[in-house]
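Peer 1: I am attaching a structure below and will ask some questions about it afterwards.
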Amino acid sequence: MKTKGYTDEILAELKRTLELINDEDAEKVVEGILRAKKIFVAGGGRSGFMAKAFVMRMMHVGLDAYVVGETVTPNLEPSDIFIVGSGSGETGSLAAMTKKAKSIGATVVAVTINPNSTIGKLADIQIEIPAQAKAEGTSGKSIQPMGSLFEQSLLLFYDAVILRFMDKKGLKSDVMYGRHTNLE
């Protein structure tokens, strides 16, 4: 298969996977963000990169959003929402953060392949992305290596959440340019 063929298959995998996300649960995430005082997002490895992209977009639309682990991240409070993206739902550091967020009383959202995982079971809201886990190898769900399908789906889900938030608030994309960096 040539490069374009792989691109076509990746797009088909993404479409199949994202169509399976429960829209009612996705709406709960948007509503949770609308109610939250602050938004905290966590993820490890490539899922962490997706978290950073999501937080950047939230900042662009004027939300008080943070990447967990950054030096400028404030304290989590009960009026906040904690969103964690973890394919396995078992990453030790993320599970510990999720337990802490739950004990503080924040709303906890797990975006995961495995809603029955440690992180999934702690969550108030679960978003299941039925992609291939990196440990599954050749499960047949994806031609891509490791957790690529999950990570790509995570980014697209996060972007869809931003669009839905903008829709609910009556925001257009031009609002983002007023908060885009100007020190480049």
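Peer 1: Where the second residue is at pLDDT 95 or above and aromatic (Phe, Trp, Tyr) and the first is within 25 Å of Ile83 (Cβ to Cβ) and part of a loop (DSSP other than H, G, I, E, B) and lies in the stretch 4-33, which pairs have Cβ atoms under 9 Å and are six or more apart or on separate chains?
Peer 2: Going by the 9 Å Cβ cut-off, the qualifying pairs are Ile21/Phe157.
This table checks each residue for (1) of a type outside the set (Asp, Glu); (2) farther than 20 Å from Glu151 by Cβ; (3) part of a helix (DSSP H, G or I); (4) out of contact with any Lys or Arg (no Cβ under 7 Å at 6 or more places or on another chain).
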{"residue": "Gly62", "(1), (2), (3), (4)": "yes, yes, no, no"}
{"residue": "Val72", "(1), (2), (3), (4)": "yes, yes, no, yes"}
{"residue": "Leu76", "(1), (2), (3), (4)": "yes, yes, no, yes"}
{"residue": "Ser79", "(1), (2), (3), (4)": "yes, yes, no, no"}
{"residue": "Gly85", "(1), (2), (3), (4)": "yes, no, no, yes"}
{"residue": "Leu94", "(1), (2), (3), (4)": "yes, no, yes, yes"}
{"residue": "Ala110", "(1), (2), (3), (4)": "yes, no, no, yes"}
{"residue": "Asn116", "(1), (2), (3), (4)": "yes, yes, no, yes"}
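Peer 1: Kindly indicate whether Val55 is out of contact with any Cys (no Cβ under 9 Å at 6 or more places or on another chain), surrounded by 18 or more Cβ atoms within 10 Å (Cβ to Cβ), in contact (Cβ under 8 Å) with a residue 40 or more places away in the chain and closer than 23 Å to Leu163 by Cβ.
Peer 2: no
Peer 1: Separate question: Can you report the number of residues in the stretch 34-46 which are over 15 Å from the mean Cα position of the chain (by Cα) and either of a type in the set (A, V, I, L, M, F, W, C) or part of a helix (DSSP H, G or I) (or both)? Explain how you work it out, then say what you get.
Peer 2: If we filter the stretch 34-46 for residues that are over 15 Å from the mean Cα position of the chain (by Cα), which is where we start, we get 34-38.
Now narrow it down to the ones that are either of a type in the set (A, V, I, L, M, F, W, C) or part of a helix (DSSP H, G or I) (or both): 34-36.
Here the count works out to 3.
Peer 1: Quick check: is even one residue across the stretch 81-94 of a type outside the set (S, T, N, Q), in contact with an Asp or Glu (Cβ under 8 Å, 6 or more places away or on another chain) and over 14 Å from Phe40 (Cβ atoms)? Steps first, please.
Peer 2: Taking the stretch 81-94 and keeping what is of a type outside the set (S, T, N, Q), we get 81-85, 87, 89-90, 92, 94.
Subsequent filtering for residues that are in contact with an Asp or Glu (Cβ under 8 Å, 6 or more places away or on another chain) retains 87.
This time we only want the ones that are over 14 Å from Phe40 (Cβ atoms), so: 87.
There is at least one residue in the stretch 81-94 that is of a type outside the set (S, T, N, Q), in contact with an Asp or Glu (Cβ under 8 Å, 6 or more places away or on another chain) and over 14 Å from Phe40 (Cβ atoms).
Peer 1: Do any residues in the stretch 111-130 that are more than 19 Å from Ser153 (Cα to Cα) have Cβ atoms under 7 Å from those of residues that are at pLDDT 95 or above and part of a helix (DSSP H, G or I), where the two are at least six apart or on different chains, and which pairs are they?
Peer 2: Thr118/Ala95; Leu122/Thr98; Leu122/Lys99; Leu122/Lys102
Peer 1: Additional query: For residues that are charged (D, E, K, R) and part of a loop (DSSP other than H, G, I, E, B), scanning just the stretch 144-184, find the one that is modelled with the highest pLDDT. Working first, answer last.
Peer 2: Looking only at the stretch 144-184, we keep the residues that are charged (D, E, K, R), and these are 151, 159, 164, 167-169, 172, 174, 179, 184.
This time we only want the ones that are part of a loop (DSSP other than H, G, I, E, B), so: 172, 179, 184.
Details: Lys172: 81, Arg179: 63, Glu184: 70.
Out of the qualifying residues, it is Lys172.
Peer 1: Got a number for residues in the stretch 1-31 being surrounded by fewer than 11 Cβ atoms within 10 Å (Cβ to Cβ) and of a type in the set (A, V, I, L, M, F, W, C)?
Peer 2: Adding up the residues that qualify gives 1.
Peer 1: Which of the numbered conditions does Ala135 fail, given that it passes all the others? Conditions: (1) at pLDDT below 95; (2) surrounded by fewer than 24 Cβ atoms within 10 Å (Cβ to Cβ); (3) not in a helix (DSSP H, G or I).
Peer 2: Checking Ala135 against (1) at pLDDT below 95; (2) surrounded by fewer than 24 Cβ atoms within 10 Å (Cβ to Cβ); (3) not in a helix (DSSP H, G or I), the one that fails is (3).
Peer 1: Still on this structure, I have one more. Scanning the stretch 72-90 for residues that are surrounded by fewer than 23 Cβ atoms within 10 Å (Cβ to Cβ) and hydroxyl-bearing (Ser, Thr, Tyr), which turns out nearest to the chain's Cα centre (by Cα)?
Peer 2: Checked the stretch 72-90; the qualifying residue nearest to the chain's Cα centre (by Cα) is Ser88.
The values are calculated or read from the model by the stated rules, or taken from the named source; none is laboratory data. These numbers come from a predicted model, not from an experiment. Here Cβ is always computed from backbone atoms with ideal geometry, including for glycine, and neighbour counts include all displayed protein chains.
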